[in-house]
Amino acid sequence: MQKPFQLSTLLSDQVKKYGKRAAMFYRDALSKKWLPVSWNEFYEKVETLAGALIESKVKSEEKVGIFAPNMPESIMADFANYAVHAVSVPMYANSTTSQIEFIVDDSEIGIIFTGDQYQYDIACEVLKTSKTLHTVVAMSSAVDLKGVKGGISLKDYLEIGKKNPNTEIINQRRALSTQDDLVNILYTSGTTGQPKGVMLHQYNYSEIMRTHNDILSLLNDKDTSMCFLPLTHVFERAWTYFCLQKGIQVYVNKDTAAIASIMPEVRPTVMCAVPRYWEKVYAAVQAKIESSPSLVQKLFRYSIKLGYKRNLEYKRYGKCSPMKIGLPYKLIAKPLFNKVKKVAGIDNGRLFPVAGARLSDEINEFLHALDIKICYGYGLTESCATVCCYDAHMKNYIIGSVGKIIPDLQVKISSEGEILLKGKTITAGYYKRPDANKEAFTEDGFFRTGDAGYLDMENNLYITERIKDLFKTAGGKYIAPQMLESIICDDALVEQAVAIGNERKYVSMLIVPDYTVLEPIAKNKGINYTSRAELIQHPEVIALYEGMVHTRNQNLARYEQIKRITLLEKPFTMEQGHLTNTLKIKRKVVNELFAKEIDAMYPND
């Protein structure tokens, strides 16, 4: 019988198997080349860091913070924590001082590993007043320590571990490891109120690894993965652990903004991402089609029709397509799709797990038509990522669903339509929050997801709405804003959208244009403007967006239809407080900050 997955011993197991082989790659800031980190180097640095943690008097089960963008050192710090039987508490790299202060105080953190100057400076601010924080380790060599007492470079911290390896104590700590260990506290960013610390234990990760080793059996150590989402996000965290235990080589991408240009450098075989990434791929392909000569446009559209037929009507169900579809697909569509995928850096793609928000059926179908292997799913921090997903072999998946429930997870639908979960992947609760735990679990121990949905006879799950996001119009009709926003954001003209209408007579929408699409259109139309603020006030531009909304309203119920819109000059951002760290809209904040614009859409209220 195979022993359960254990984070504290993963590296010692893998280093015996892989040794000099690269475990990870990182992109050098100067040369822009991807440089390897071998399993040997990975293991040695983790052991050295663990020695330094022991020297810093880190106790068993103590909480240690990691406040950094994606970098190999972040992963090393994680595993050093596990080696000394400590708890890793990751924090989003763009968090504010008050957010970090809350997490440090709540978890009683003594040591924080930071990434760049931004994270180091914030941690040092918290250091000034914190009762528990005493050491800030700057993992980037470019950070100016500024002579802060308690600030230390990673290089110097490693020296402490080299001089004091503390091997015997580390081995004793490792021996303490059990499946019941608390290994992470992941603080949800929260759309309202203070963040809650989701507790994830070793058994949560062990179970998610066990189930995914079965459902993703096609993946192996010949694969390469792009680590793109923040490692603080449970999706990327659990996925990266899965890759490491499979021997999949991980390319750790620090610069999320540059992902479009970085992907063709790496051309990974696998990558987990949120729908927004694929929405941008879809928009880029559509823009390419629209800007092509008419003959090329016709060829593209003919190929896409073939892709729909071949991949969605036949291949999906394990059927061979007839020659009249299969032959032109092979000769015309496939070579064209391969060129498109090569430009996007996804031509080697074997599987692309997608979750974290709603992926529209329109985009989902389009990507599958191009034979991009989108494994759409659903999960939460509280479920240690996956609740359900498409079949990894791309068989019998149902567009509109979020896939089949993973093995051995209990899912039921409450009388109110809420999705409830129970199983070994589900959190034991929120750290030091008995009040929140009482609300989060039913009397019989099921976790309340806050999402409404239903199951079909084949155990496919369908999400209908986010219960807390629902609003009710003045006419008493309930509206699911995410569904409306997804429909509008499917259009290439739109970067972001927020539906408005709680206790209003009708639904309206704030729309941020995709200026990379709008500005060329304006140029072609001969629209003169000196600023984006002026551009979005131009009658032709307003008419363009109103026409787009009118078209997309056609498939909506009358009470759901968007009656008025306002175009915004600047996007919603985390820095301005509009978005959570996981890019979810803070609806209350948006309603307050844009009250003037919203009121203008309801002149008779």
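The values are calculated or read from the model by the stated rules, or taken from the named source; none is laboratory data. What you see is a predicted model; the values in this text were computed from it and never measured. Positions of Cβ are backbone-derived with ideal geometry, glycine not excepted, and every protein chain shown enters the neighbour counts. Accessible surface is based on the protein model in full, side chains and every heavy atom, while ligands, DNA and RNA are left aside. Shrake-Rupley method; radii C 1.70, N 1.55, O 1.52, S 1.80 Å.
Alpha carbon centre of the stretch 87-109 versus the stretch 240-318: separation in Å?
Result: 34 Å between the Cα centres.
Which number comes out as Rg/Rh for the stretch 169-237 once both Rg and the Kirkwood Rh are worked out on C-alpha atoms? Working shown, then result.
Details: Rg = 15.6 Å, Rh = 14.8 Å.
Rg divided by Rh gives 1.05.
Restricting to the stretch 56-152, compute how many DSSP beta bridges are antiparallel as a %, nearest 5.
Numbers: 0 of 15 bridges.
Antiparallel bridges make up about 0 percent of those DSSP assigns within the stretch 56-152.
If you take the square roots of the eigenvalues of the alpha-carbon gyration tensor of the stretch 1-124 and sort them as a ≥ b ≥ c, do you get rounded (a/c under 1.5), prolate (a/b over b/c) or oblate? Present the calculation step by step, with values, prior to reporting the outcome.
Values: a/c = 2.20, a/b = 1.24, b/c = 1.78.
Since a/c reaches 1.5 but b/c is at least a/b, the shape of the stretch 1-124 is classed as oblate.
Filter the cross-link list Lys17/Lys339; Lys254/Lys584; Lys16/Lys395 down to pairs whose alpha-carbon distance in this structure exceeds 28 Å.
On the way: Lys17/Lys339 37 Å; Lys254/Lys584 21 Å; Lys16/Lys395 36 Å.
Exceeds cut-off: Lys17/Lys339; Lys16/Lys395.
What does the accessible area per residue of the stretch 315-444 come to in Å², with a 1.4 Å probe and no ligands, DNA or RNA counted?
On the way: 5900 Å² over 130 residues.
Accessible area per residue, the stretch 315-444: 45 Å².
Can you pick out the pairs among Lys3/Lys63; Lys222/Lys342; Lys404/Lys586; Lys404/Lys588; Lys162/Lys222; Lys315/Lys341 whose Cα atoms lie more than 24 Å from each other? Walk me through the numbers before you get to the answer.
Values: Lys3/Lys63 27 Å; Lys222/Lys342 20 Å; Lys404/Lys586 30 Å; Lys404/Lys588 33 Å; Lys162/Lys222 33 Å; Lys315/Lys341 19 Å.
Over 24 Å Cα-Cα: Lys3/Lys63; Lys404/Lys586; Lys404/Lys588; Lys162/Lys222.
Give the value in nm², to one decimal: projected area of the alpha carbon convex hull of the stretch 200-317, averaged over all directions.
Working: hull surface 37.9 nm².
Average of the hull's projected areas for the stretch 200-317 equals 9.5 nm².
Stretch Ala428-Ser294 to full length: gain in nm at 0.36 nm per residue minus the Cα-Cα span? Write out the running numbers ahead of the final one.
Numbers: separation 134, 0.36 × 134 = 48.24 nm, distance 5.80 nm.
This chain segment gains 42.4 nm when fully extended.
Averaging the inverse of every distinct alpha carbon separation and then flipping it gives the Kirkwood radius. What is it for the stretch 269-312, in angstrom units? Could you put the intermediate results ahead of the total?
Details: mean 1/r = 0.0833 Å⁻¹.
This gives a value of 12.0 Å.
What shape does the stretch 96-219 take by its C-alpha gyration tensor, where a ≥ b ≥ c are the square roots of the eigenvalues and a/c under 1.5 counts as rounded, a/b above b/c as prolate, and the rest as oblate? The partial results should precede the final answer.
Numbers: a/c = 1.91, a/b = 1.31, b/c = 1.47.
Note, shape of the stretch 96-219 comes out oblate.
Place the peptides 366-376, 106-116, 551-561 in order of packing, highest mean first, counting for every residue the other Cβ atoms within 10 Å and averaging per peptide.
Working: 366-376: 21.8, 106-116: 23.5, 551-561: 12.9.
Highest to lowest by the protection proxy: 106-116, 366-376, 551-561.
Any aspartates and glutamates with Cα under 13 Å of the Lys32 Cα? List them, leaving off those in the same chain fewer than 8 positions away.
Candidates past the 8-residue exclusion: Asp255, Glu265.
For Asp223, what charge total do you get from the other residues with a beta carbon under 11 Å from its beta carbon, if Lys and Arg give +1 and Asp and Glu give -1? Don't skip to the answer; put the middle values down first.
Working: positive: Lys222, Lys246, Arg350; negative: Asp221.
So the surrounding residues net to +2.
Less than 22 Å apart at the alpha-carbon level, and either on another chain or at least 8 residues along: which lysines does that give for Lys146?
Result set, ordered by chain and number: Lys128, Lys131, Lys155.
Quick check: Cα centre of the stretch 1-53 to Cα centre of the stretch 377-433, how many Å?
31 Å
Treating each Cα of the stretch 299-390 as an identical point scatterer and ignoring solvent, apply the Debye formula and state log10 I(q)/I(0) at q = 0.26 Å⁻¹.
Each listed q corresponds, in turn, to -1.35.
For Ala283, what charge total do you get from the other residues with a beta carbon under 11 Å from its beta carbon, if Lys and Arg give +1 and Asp and Glu give -1?
For residues surrounding Ala283, the net value is -3.
Please state the equivalent ellipsoid semi-axes for the stretch 388-481: what are the square roots of 5 times the Cα gyration tensor eigenvalues, largest first, in whole Å? Each step should come with its number before you reach the end.
Details: eigenvalues 114, 96, 22 Å².
The three semi-axes for the stretch 388-481 are 24, 22, 11 Å.
Can you work out ³J(HN,Hα) from phi for every residue in the stretch 167-174, in order, using Karplus 6.51 cos²θ - 1.76 cosθ + 1.60 and θ = phi - 60°, giving whole Hz and x for Gly and Pro?
4, 4, 5, 4, 5, 5, 5, 4
Quick one: with all protein chains in place, what share of the accessible area of the chain is carbon or sulfur, to the nearest percent (1.4 Å probe)?
Values: 14400 of 27510 Å².
Here it works out to 52 percent.
For the chain, what does the helix formula give at 222 nm: sum of -39500 (n - 2.57) over DSSP H segments with n ≥ 4, over the residue count, nearest 500 deg cm²/dmol? If you can, show how the numbers build up before the last one.
Details: 22 runs with 230 residues, N = 605.
Computed mean residue ellipticity for the chain: -11500 deg cm²/dmol.
Assuming a ≥ b ≥ c are the square roots of the Cα gyration tensor eigenvalues, decide whether the stretch 229-275 counts as rounded (a/c under 1.5), prolate (otherwise, with a/b larger than b/c) or oblate.
Details: a/c = 2.03, a/b = 1.29, b/c = 1.58.
Taking the square roots of the gyration eigenvalues as a ≥ b ≥ c, the stretch 229-275 is oblate.
Kirkwood Rh over Cα pairs of the chain into Stokes-Einstein at 20 °C, 1.002 mPa s: D in µm²/s?
For the chosen part, D equals 83 µm²/s.
On the principal axes of its Cα set, how long, how wide and how thick is the stretch 478-593? Give whole Å, largest value first.
42, 35, 22
Can you tell me what share of the DSSP beta bridges in the chain is antiparallel? A percent to the nearest 5 is fine. Before the final figure, lay out the partial values.
Working: 40 of 76 bridges.
Here the share of antiparallel DSSP bridges comes out near 55 percent.
Under a straight-distance cross-link criterion of Cα-Cα below 26 Å, which lysines are reachable from Lys523, leaving out those fewer than 8 residues away in the same chain?
The reachable lysines, counting only those whose Cα sits under 26 Å from Lys523, are Lys280, Lys288, Lys298, Lys570.
Quick one: what are the phi-derived ³J(HN,Hα) couplings along the stretch 435-450, Karplus 6.51/-1.76/1.60 with θ = phi - 60°, whole Hz, x for glycine and proline?
Here the 3J(HN,Hα) series is 5, 5, 5, 5, 6, 7, 10, 7, 4, 9, x, 8, 7, 8, 7, x Hz.
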